[in-house]
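This report refers to the structure that appears directly beneath it.
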Amino acid sequence: MRFPVVLHTDDGVRFGVTVPDLPGCFSAGDTFDDALACVVEAIDLHLEGVIEDGGEVPTPSAIRKHIDNPDYGGGVWALVDVDVSRFDGRAEKINITLPRRLLAKIDSYVRAHGETRSGFLAEAARRAMG
């Protein structure tokens, strides 16, 4: 999943990072790149706590949902990729039927984007269900 994050700095070097879709999830780094790496770890730990408390991994919002919030004014927006598959539980093999042309289009898309068919279909289902 790609989570929107907003980075703030007072000195142009060190950055604090907020994850608007995960209240209470913050991080920081000594450089811009370090801050982005650290926030991925913070999101992972935050989601681990959500799952342990019986919650679900929330679907990230688009940046446009948060951009007008004055709490994030002057910040730099970025998207970070977080592998949430470990929170989905054990994988289960299923048998589905799809039209041949649709399956060919899916396979072409996932090859071009370095994904798997199963991963693509799982993400499509997550997005559809919100």
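The values are calculated or read from the model by the stated rules, or taken from the named source; none is laboratory data. This structure is a prediction, so every number in the text was calculated from the model and none was measured. Cβ coordinates were reconstructed from backbone atoms using ideal geometry, including for glycine residues, and neighbour counts include every protein chain displayed. Just the protein is used for accessible areas: all its heavy atoms, side chains included, with ligands, DNA and RNA removed. Shrake-Rupley method; radii C 1.70, N 1.55, O 1.52, S 1.80 Å.
Net charge in the neighbourhood of E123 (other residues with Cβ under 13 Å of its Cβ; Lys, Arg +1, Asp, Glu -1) is 0. Rounded to whole Å, the principal axis extents of the Cα atoms in the range 38-95 read 46, 27, 20, largest first. For the range 87-119, list residues with backbone N below 15 Å from a point placed 7 Å from the Cα of A125 toward its Cβ? Residues passing the 15 Å test: 87-98, 116-119.
Of interest is the spacing of the C-alpha centroids, which for the range 72-90 and the range 23-54 amounts to 8 Å.
Taking 0.36 nm per residue of separation and subtracting the current Cα-Cα distance, fully stretching the chain between L79 and T31 would add 15.6 nm.
Taking a ≥ b ≥ c as the square roots of the Cα gyration tensor eigenvalues, with a/c under 1.5 meaning rounded and otherwise prolate when a/b beats b/c, else oblate, which class fits the range 9-51? Prolate, since a/c reaches 1.5 and a/b exceeds b/c.
Accessible area per residue for the chain, computed on protein heavy atoms with a 1.4 Å probe, is 69 Å². Calculated [222 nm] ellipticity per residue, helices only, for the chain: -12000 deg cm²/dmol; basis is -39500 (n - 2.57) per DSSP H run with n ≥ 4, divided by all residues, nearest 500. Segment R64..H113, full-extension length gain: 15.2 nm, with 0.36 nm per residue of separation and the alpha-carbon distance subtracted.
Ranked from largest to smallest solvent-accessible area, with a 1.4 Å probe on the protein heavy atoms, F87, F120, F3 come out as F120, F87, F3.
At a 1.4 Å probe, what is the % contribution of carbon and sulfur to the accessible area of the chain?
The computed percentage sits at 52.
Computed from the alpha carbon positions, the gyration tensor of the range 1-104 leads to an equivalent ellipsoid with semi-axes of 31, 17, 13 Å, biggest first. Using bins of 10 Å that start at zero, the share of Cα-Cα pairs per bin across the range 64-130 amounts to 14, 36, 27, 17, 6, in whole %.
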